Amino acid sequence: MGWIGKLFGGGASLERLRKAIEQQRFADGCLLAEQLAGETLTENEAAEVERLRIAAGDGLAALNLDEGLGMRNCGELESADEHLQLALQQVCSVELRQKIEQALTELPVMPELQPPAADGSSCGSCGPQPSTPLAAADAEFPDEASQLELVLTSYPPPLAERYRQKGEPFLQAFLLSHAGEDGSALPLWQQVAAQQRDDLYWFEFGAAQARSGDLAAARVALEKSLQLNGELLLAIESLVSVLFGLGDTAAAQLLLQQMLANGQDPAFCHAQLAMLCLQQQQSEQAVEHVRQALAAGVSDPSFFLLAAGVLEQSGALEDAEAVLRRIPGGGCGGGLSLPLAEFLLRQKRELATLLDTFNAACRQEPENPRWQLRVAQTYLARNWQKDGMKLLRMVVADPRLESELQQEAELLLAAQQA
């Protein structure tokens, strides 16, 4: 199975990604989608991975929105703001984004929305994996100027001003792309006059092509963008993702190393290089890049999952736990996140708290037998043999259990019966 297979229980596959979304395991879905972005996929598969990645992002955002509202109702305003800001980073759909923004405005102390870094690395139209696509045709923002300003709120001021100076049909295509309507936007992008096709044009056009699954064309467009402006970080990051999608990992690695040499977005570079090292089963290098990505300020919860897995596999248990504790938990008091709870279960620690956490997960996801297995394992870890074995036998017979979890349950059952 290899090192990465041992770490993640079989490796990424489109079927596992589909199942993660079906079972509402959105953090797993984000991680699997990120892994699959580095695989060689057909255009249809790449498009489906992108659709499922967006579903996973929205799912995580909805969970953080609920947590944020719960924290607000409990008077935990700082924690509420943290959850809502996380949701704002993760969200993809327009309606959900507006709910999150509304929740932020309703906090008793209005938090200041943090814009992306001056290089603009967090803009919503970033390559084949847009983090915050926004709708252009919403009833609350009927005119184009209002739509544009809504999109540009998260852009660095110098870059936002460049977009404001664009004319038609650039802006129409731009707003359609941010509405998730790249199919309608692509013909408009092609209508932009040749003399207006600058670095931003080729970046946006390439990003739209990538999201539509045409990665080869996207590569050409993004490379044209960088020929015109080698410092446009949006285009560089998007090209890295496209290269991973095309399976040209050598070119992606070279581009990432060039970015690092130029001091461009080290958090992004080290996170991507960590993924690359995992795929190449270079465990020591993966650990080093994970540590450097964390030190550079990566804040994506899906990367936290990967980082914690890498650190745990390397034996750095305290560091792995520290990373997992950065993932928000549940309830007004915060609580444990499920990835942290699973980590502690492997260490047989805090078993009473874990039981409450996994039971709550069973209530929230009754169709997902993963949490019933975790409850059974917690029972057995507490030496509650009768209840643990009864539940374990039920879980082993559940056809909904994923194959790697099925194997885990069967091995445990065999060990208990030995």
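When only residues in region 9-20 that are in a helix (DSSP H, G or I) and in contact with a Lys or Arg (Cβ under 9 Å, 6 or more places away or on another chain) count, which is modelled with the lowest pLDDT? Here the residue is K19. Of the residues making up region 55-100, just one is under 11 Å from the mean Cα position of the chain (by Cα), in contact (Cβ under 8 Å) with a residue 40 or more places away in the chain and open to solvent by 30 Å² or more (accessible area, probe 1.4 Å), namely Q89.
Here G335 meets each of (1) under 24 Å from the mean Cα position of the chain (by Cα); (2) in a helix (DSSP H, G or I); (3) at pLDDT below 95 with one exception, condition (2).
Can you pull out the residues in region 171-223 that are part of a loop (DSSP other than H, G, I, E, B) and not basic (K, R)? Residues satisfying the conditions are A179, G180, E181, V192, A193, D198, S212, G213, D214.
Of the residues making up region 25-54, those that are surrounded by fewer than 18 Cβ atoms within 10 Å (Cβ to Cβ) and either outside any helix (DSSP H, G or I) or under 14 Å from the mean Cα position of the chain (by Cα) (or both) number 3.
The values are calculated or read from the model by the stated rules, or taken from the named source; none is laboratory data. Bear in mind the structure is a predicted one, so any value in this text is a computation, not a measurement. We place every Cβ from the backbone using ideal geometry, glycine too, and count neighbours over all the protein chains shown. With ligands, DNA and RNA removed, areas are computed over all heavy atoms of the protein, side chains included. Shrake-Rupley method; radii C 1.70, N 1.55, O 1.52, S 1.80 Å.
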